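Have a look at the structure below before the remarks.
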Ligand SMILES: [Zn+2]
Ligand SMILES: [Zn+2]
């Protein structure tokens, strides 16, 4: 123990941490501004991480575009970086360690947690990673403070893996969590509506679970990529051919489940028709409160087609997620198409909000991630 402590003091001195840093501050609807802010101070039970990469997530885009949360804030929660400072009471980690972060951690003890409804736990709803102001993720800054309760969410990034892969752990976790809610058997048919970065993660992870995926997207380029990501068949949802295809492929039964990875009510209505009796329809992208749609509830009651929702990540799946990503059985590098420097975070958000057909996952990268990227043949476009 004493040795570790001595070592951390030495390394602490070796890693120079400035007093101020650059951060992208949310100042109001669609207003992100690069500012100088103090580097967060940590308590004895916290850790300071130097950010290398942070993904642009649709949930943050919504907060920025619709002003759901009051300003000022520093967003960004799909973060990977290096531990550069540790409080004296922190054990189990070391300075210089490369890690992926999780900003939401459940208590594992409350009424919701023991029933595995982690995203409904009150501790989980608190954000434990911050670059200043009200904790909001902080990944669009040079440094973040990791609160004590979020330390179990740190995932070490192995030597052979990159910061970019570390930044993908959180979105992959949300997808795996939703898949685990489905009662699927190998060989089952699942419809995945929407082949954006999340839809493609569903397609690939389901294929890795021996599920036959029917992937839909109106964009031809997305359909092509879905094929490369393991979709058994790809379809334009607007072509009108899907009912017949599903009928043929499932011998008239209907698909076993549908995942709606696009905020389309029409996709939900269609899924209600195309899922077999007793199957499941999982809403993944309907995150905007206050929208309603008429539904035939007898489909849920009499035909037993369950309508379920899945939101955010499942802390208990972290190890499995790390294995899929770091083994590259799920090669997330193929999903990352664009990288932006911190100063251009606003443009990164715009591209992710209105992607070109070839744009998939967009990340904000900083010096440490850039140093690695130059050695990686699967380089995303630098913007
Ligand atoms: Zn996210
Ligand atoms: Zn809890």
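The values are calculated or read from the model by the stated rules, or taken from the named source; none is laboratory data. Only a predicted model underlies this, so the values are computations on that prediction, with no experimental measurement involved. Neighbour counts run over all protein chains shown; Cβ positions are idealised from the backbone, glycine included.
Within region 294-309, residues that are farther than 22 Å from residue 175 by Cβ reach partners that are part of a helix (DSSP H, G or I) with beta carbons closer than 8 Å, at six or more positions or on different chains, in the pairs 295/268; 295/269; 295/272; 296/272; 299/272. Number of residues in region 54-77 that are in a strand (DSSP E or B) and either away from ligand 1 (no atom under 16 Å from the Cβ) or closer than 19 Å to residue 133 by Cβ (or both) equals 2. Of all residues in region 352-371, how many are surrounded by fewer than 18 Cβ atoms within 10 Å (Cβ to Cβ) and in contact (Cβ under 8 Å) with a residue 60 or more places away in the chain? Result for region 352-371: 5.
Name the residue, out of 95, 123, that is over 12 Å from residue 144 (Cα atoms), within 16 Å of ligand 2 (Cβ to nearest atom) and in the same structural domain as residue 135 (by TED's automatic domain parsing). It is 123. Filtered by the rule that a residue be buried (at least 17 other Cβ atoms within 10 Å of the Cβ) and assigned to a loop (DSSP other than H, G, I, E, B), region 235-263 gives 237, 250, 254, 261, 262, 263.
Filtering region 96-133 down to residues that are over 16 Å from residue 41 (Cβ atoms) and in contact with a strand residue (DSSP E or B) (Cβ under 8 Å, 6 or more places away or on another chain), which residue is surrounded by the fewest Cβ atoms within 10 Å (Cβ to Cβ)? Top of the filtered list is 96.
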